[in-house]
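Asks: First the structure, then my questions, so here it is.
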Amino acid sequence: MSDRFEQTLRANVRGEVYFDRTHRGIYATDASIYQIAPVAVCVPLDEDDVRSAVAVAADHDVPILPRGAGTSLAGQCVGRALVIDVSKHMNRVLGIDAARRRARVQPGVVRDNLNARLAALGLHYAPDPATSSRANIGGMLGNNSAGMRSIVYGMASDHIDSLRCLLADGTVLDLRELSPAEYAAEARRRDRVGEIHRRFREIIEANRDEIERRYPKIMRRCTGYALDEFHRSERWNLAKRLVGSEGTLAVTLEATLK
Ligand SMILES: Cc1cc2nc3c(=O)[nH]c(=O)nc-3n(C[C@H](O)[C@H](O)[C@H](O)COP(=O)(O)OP(=O)(O)OC[C@H]3O[C@@H](n4cnc5c(N)ncnc54)[C@H](O)[C@@H]3O)c2cc1C
């Protein structure tokens, strides 16, 4: 990779940036059998750092790969990319609204740490992968994590309220459940947000029958791109569209969970 990429990344990110063999070796694996050394590793301090890292990567045509605890089993966190590790610094619980049963968190919050905070209020975040003492919320949303009790209490996609996320072009999306009128208002916007809402609606409307016919009718489907969540419902929450997308659509900056 070019020296220019390294210099620009170091100049624009306040958190840690690694190009050395040791760190690239450490981040070459997750819990799968795969090994691919990343181009570099960035450990952002905050949302601004993530934005800077993504902008520099886009300018240099370097793919990005968000990472939480890296406990994925199928190589989701392995690739020739700039790895963005949110687990070290972006791990704060930003607020708990006990009355609404909502928790606002940064993506690097560990699931069991969140539940330790919630327990004092008689609340509990239900998805429970076996790795819950390590798994980060960003990674759980990326994989649409489930767990042993999820048949009764639901998987990550059942417990998402809203998401704040970053696209490769620098657009920040705030996604939540919208009524048809609210969705139409978003779709009328003359910016990238409007374009995404319009295009997504067109895809669902043009493929309703195909989606109904072809999407597998199985419990706990975590393969992502769950278009069938939308074709039967009036109120759309595009945050659900991102859950299970394994970091391929956007970087989660913040999530509100229920
Ligand atoms: C022994 C073992 C048992 C397991 N048991 C279960 C289980 O019972 N149920 C289950 O569902 N899973 C299980 N898993 C898989 C895995 O541990 C879980 O899916 C876990 O929730 C992943 O969390 P993580 O923080 O490690 O995510 P990571 O592996 O770090 O990331 C997962 C995906 O999310 C993406 N991602 C991470 N952060 C962000 C972000 N900020 N923005 C956008 N994308 C992001 C990554 O790119 C990746 O595609 C198990 C794994 C192991 C090793």
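Asks: Given the conditions (1) away from the ligand (no atom under 12 Å from the Cβ); (2) under 20 Å from Val251 (Cβ atoms), report the number of the one that Asn136 does not fulfil.
Replies: For Asn136, the failing item is (1).
Asks: What tally of residues in segment 4-30 results from selecting those that are touching a Pro at 6+ places or on another chain (Cβ under 8 Å) and without any contact (Cβ under 8 Å) to a residue 24 or more places away in the chain?
Replies: 1
Asks: Return the pairs, sorted by first residue and then second, in which the second residue is assigned to a strand (DSSP E or B) and within 12 Å of the ligand (Cβ to nearest atom), the first residue lies in segment 87-115 and is among the charged types (D, E, K, R), the beta carbons are less than 8 Å apart, and the residues are 6+ apart or on different chains.
Replies: Every condition considered, the pairs that remain are Arg92/Val105; Arg104/Glu254; Arg104/Ala255; Arg111/Asp128; Arg111/Asn136.
Asks: Among the residues of segment 179-197, are any in contact with a helix residue (DSSP H, G or I) (Cβ under 9 Å, 6 or more places away or on another chain) and within 16 Å of the ligand (Cβ to nearest atom)?
Replies: No.
Asks: Would you be able to say whether some residue in segment 39-58 is within 19 Å of Thr252 (Cβ to Cβ), away from the ligand (no atom under 12 Å from the Cβ) and in a loop (DSSP other than H, G, I, E, B)?
Replies: yes
Asks: In this structure, does Ala119 turn out to be touching a residue at least 12 places away in the same chain (Cβ under 8 Å), closer than 28 Å to Arg220 by Cβ and more than 11 Å from the ligand (Cβ to nearest atom)? I'd like the intermediate steps shown before the answer.
Replies: Values: touching a residue at least 12 places away in the same chain (Cβ under 8 Å): no; closer than 28 Å to Arg220 by Cβ: yes; more than 11 Å from the ligand (Cβ to nearest atom): yes.
Judged against the criteria, Ala119 is not a match.
Asks: Looking only at segment 235-249, count every residue that is closer than 17 Å to Asp169 by Cα and crowded, with 22+ Cβ neighbours inside 10 Å and tell me the total. Explain how you work it out, then say what you get.
Replies: Taking segment 235-249 first, the residues closer than 17 Å to Asp169 by Cα are 242, 247-249.
So of that shortlist, the ones also crowded, with 22+ Cβ neighbours inside 10 Å come out as 242, 247.
Number of matching residues: 2.
Asks: Condition first: on the phi > 0 side of the Ramachandran plot and touching a residue at least 12 places away in the same chain (Cβ under 8 Å). Can you find one or more residues in segment 50-68 that meet it?
Replies: Within segment 50-68, not a single residue is on the phi > 0 side of the Ramachandran plot and touching a residue at least 12 places away in the same chain (Cβ under 8 Å).
Asks: Let me ask you something else. Which pairs do you get when a residue that is free of Cβ contacts under 8 Å to residues at least 40 places away in the same chain, found in segment 172-197, comes within reach of a residue that is surrounded by 17 or more Cβ atoms within 10 Å (Cβ to Cβ) and basic (Lys, Arg), reach meaning Cβ atoms under 7 angstrom, with the pair 6+ apart or on two chains?
Replies: Pairs that qualify, where the first residue is free of Cβ contacts under 8 Å to residues at least 40 places away in the same chain and the partner is surrounded by 17 or more Cβ atoms within 10 Å (Cβ to Cβ) and basic (Lys, Arg), are Asp174/Arg164.
Asks: Taking only segment 174-231 into account, find how many residues are part of a loop (DSSP other than H, G, I, E, B) and surrounded by fewer than 15 Cβ atoms within 10 Å (Cβ to Cβ). Please lay out each step first, then the result.
Replies: In the first step, residues of segment 174-231 are kept if they are part of a loop (DSSP other than H, G, I, E, B); the result is 179, 188-191, 207, 215-226, 230-231.
Now restrict to residues that are surrounded by fewer than 15 Cβ atoms within 10 Å (Cβ to Cβ): 179, 188-191, 207, 216-220, 223, 225.
Number of matching residues: 13.
Asks: In addition: Could you tell me whether any residue of segment 249-258 is more than 16 Å from the ligand (Cβ to nearest atom), outside the structural domain of Leu178 (by TED's automatic domain parsing) and more than 12 Å from the chain's Cα centre (by Cα)? Give the steps one after another, and end with the answer.
Replies: Here is the first cut: in segment 249-258, the residues more than 16 Å from the ligand (Cβ to nearest atom) are 258.
Within this subset, residues satisfying the condition of being outside the structural domain of Leu178 (by TED's automatic domain parsing) are 258.
Pick out the ones that are also more than 12 Å from the chain's Cα centre (by Cα) and you get 258.
Looking through segment 249-258, at least one residue is more than 16 Å from the ligand (Cβ to nearest atom), outside the structural domain of Leu178 (by TED's automatic domain parsing) and more than 12 Å from the chain's Cα centre (by Cα).
Asks: Working only within segment 142-154, note down all residues that are near the ligand (Cβ under 7 Å from one of its atoms) and surrounded by 17 or more Cβ atoms within 10 Å (Cβ to Cβ). Before the answer, list the steps.
Replies: From segment 142-154, those near the ligand (Cβ under 7 Å from one of its atoms) are 142-143, 145-148; that's our starting set.
Selection gives Gly142, Asn143, Ser145, Ala146, Gly147.
Asks: Given the structure, is Val78 on the phi < 0 side of the Ramachandran plot, assigned by TED's automatic domain parsing to the domain that holds Val39 and either in contact (Cβ under 8 Å) with a residue 60 or more places away in the chain or more than 9 Å from the ligand (Cβ to nearest atom) (or both)? Lay out the reasoning, then the answer.
Replies: Working: on the phi < 0 side of the Ramachandran plot: yes; assigned by TED's automatic domain parsing to the domain that holds Val39: yes; either in contact (Cβ under 8 Å) with a residue 60 or more places away in the chain or more than 9 Å from the ligand (Cβ to nearest atom) (or both): yes.
The answer is yes for Val78.
Asks: Under the condition of being part of a loop (DSSP other than H, G, I, E, B) and buried (at least 23 other Cβ atoms within 10 Å of the Cβ), which residue from segment 81-94 is farthest from the ligand (Cβ to nearest atom)? Spell out how you get there, then give the answer.
Replies: Keep residues of segment 81-94 that are part of a loop (DSSP other than H, G, I, E, B), which gives 81, 86-92.
Subsequent filtering for residues that are buried (at least 23 other Cβ atoms within 10 Å of the Cβ) retains 86, 90.
Details: Val86: 5, Met90: 8 Å.
Here the residue is Met90.
Asks: For segment 96-108, does any single residue satisfy the condition of being out of contact with any Phe, Trp or Tyr (no Cβ under 9 Å at 6 or more places or on another chain), farther than 16 Å from Ala255 by Cα, more than 13 Å from the ligand (Cβ to nearest atom) and in the same structural domain as Ala11 (by TED's automatic domain parsing)?
Replies: no
Asks: Go through (1) in contact (Cβ under 8 Å) with a residue 60 or more places away in the chain; (2) within 13 Å of the ligand (Cβ to nearest atom); (3) more than 13 Å from Val243 (Cα to Cα) and name the single condition His159 misses.
Replies: Unmet condition: (3).
The values are calculated or read from the model by the stated rules, or taken from the named source; none is laboratory data. These figures come from a predicted structure and were not determined experimentally. For neighbour counting, all protein chains shown are included, and Cβ atoms are generated from backbone atoms with ideal geometry for every residue, glycine included.
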